[in-house]
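Have a look at the structure below before the remarks.
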Amino acid sequence: MTFRVGRYEALVFDLDGTLIDSAPDIAASVNQVLERRGWPVQSVAFVEKFIGFGPRRLLLDLFVELGLPSDDATVDEAVREYLANYARSPAERTLFYPHVREDLEFLHRTGIRMGICTNKPQDLSLKVLDILGIAPLFEVVVGADAAPACKPDPAHLLAVSGRMGLDGLSWAYVGDTKVDQATAQAARVPFYAVSWGGGGEVAVAPEWRLDRLRDLGANSEPVRVGQGG
């Protein structure tokens, strides 16, 4: 089975690390949790290493790495506090990666349908997209708590596909982590890794690495599914 690069009828995107650099806001919310407990605050770069699996894994993995208490009760309380912190200031420091906004608008104008599959909670995802002014570009947004299972479970990505009605259409998933790649592979969907954020650490063939999102709206030759995994 082949798809034409740049001839997709729809695209589904990861959010954090792919479209937006939200690590500064995430780190600020995490550091409020740490500081309130008298634990050392961490750099944005350190916190960023744990982003991708959702809030609970973010805090659990970070606590374990720092040798902090990581029992269920401690982590559960920390998650509730983190989400409250983040909801109060979800996009104060968040920025688009270079050219992302203009490229999303370009793809939208060409008629390519777009959705989002993210491990960020649903309400936070919608709030961030609204604040950044790009919510109208996406038909469907499915956060981790609005899906039957979250990434890397393929049910998350397939939930987006199902709600968009993509069965029988050519579409691809765009992300920046190995989690995104594994999700697409399990769902048997073509996958593109962006070259920014953590995308450079995801092993893909050159034709499956994006320097610009708008490249998916340009004409090119067919490629075979499987090269993107």
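Read-outs: derived from the displayed coordinates by stated rules, not from any lab. What you see is a predicted model; the values in this text were computed from it and never measured. A quick note on method: Cβ atoms are made from the backbone with ideal geometry, for glycine too, and the neighbour counts reach across all protein chains shown.
Structure values in brief
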{"read-out": "Scattering curve values for the range 1-111, log₁₀ I(q)/I(0), Debye with Cα scatterers, q = 0.10, 0.14, 0.15, 0.22 Å⁻¹", "value": "-0.39, -0.64, -0.70, -1.17"}
{"read-out": "Antiparallel DSSP beta bridges within the chain, percent to nearest 5", "value": "25 percent"}
{"read-out": "Per-pair calculated FRET efficiency, R0 = 41 Å: GLU207 and GLU65 via Cβ, rounded to 0.05", "value": "0.70"}
{"read-out": "Per-pair calculated FRET efficiency, R0 = 30 Å: ALA135 and ASP76 via Cβ, rounded to 0.05", "value": "0.50"}
{"read-out": "Average Cα contact separation per residue, the chain, under 8 Å, 6 or more apart, as relative contact order %", "value": "29 percent"}
{"read-out": "The range 1-117 - percent relative contact order, Cα under 8 Å, separation 6 or more", "value": "45 percent"}
{"read-out": "The range 27-88-the range 161-198 distance, computed between alpha-carbon centres (Å)", "value": "27 Å"}
{"read-out": "Length gained when the stretch SER195-SER89 is fully extended (0.36 nm per residue, less Cα-Cα span)", "value": "35.4 nm"}
{"read-out": "Under the Karplus curve 6.51 cos²θ - 1.76 cosθ + 1.60, θ = phi - 60°, whole-Hz ³J(HN,Hα) for the range 45-61, x wherever Gly or Pro sits", "value": "4, 5, 4, 4, 4, 9, 7, x, 9, x, x, 5, 5, 4, 6, 4, 5"}
{"read-out": "Total charge dipole magnitude, the chain, about the Cα centre, Cβ charges on Lys, Arg, Asp, Glu only, Debye to nearest 20", "value": "420 debye"}
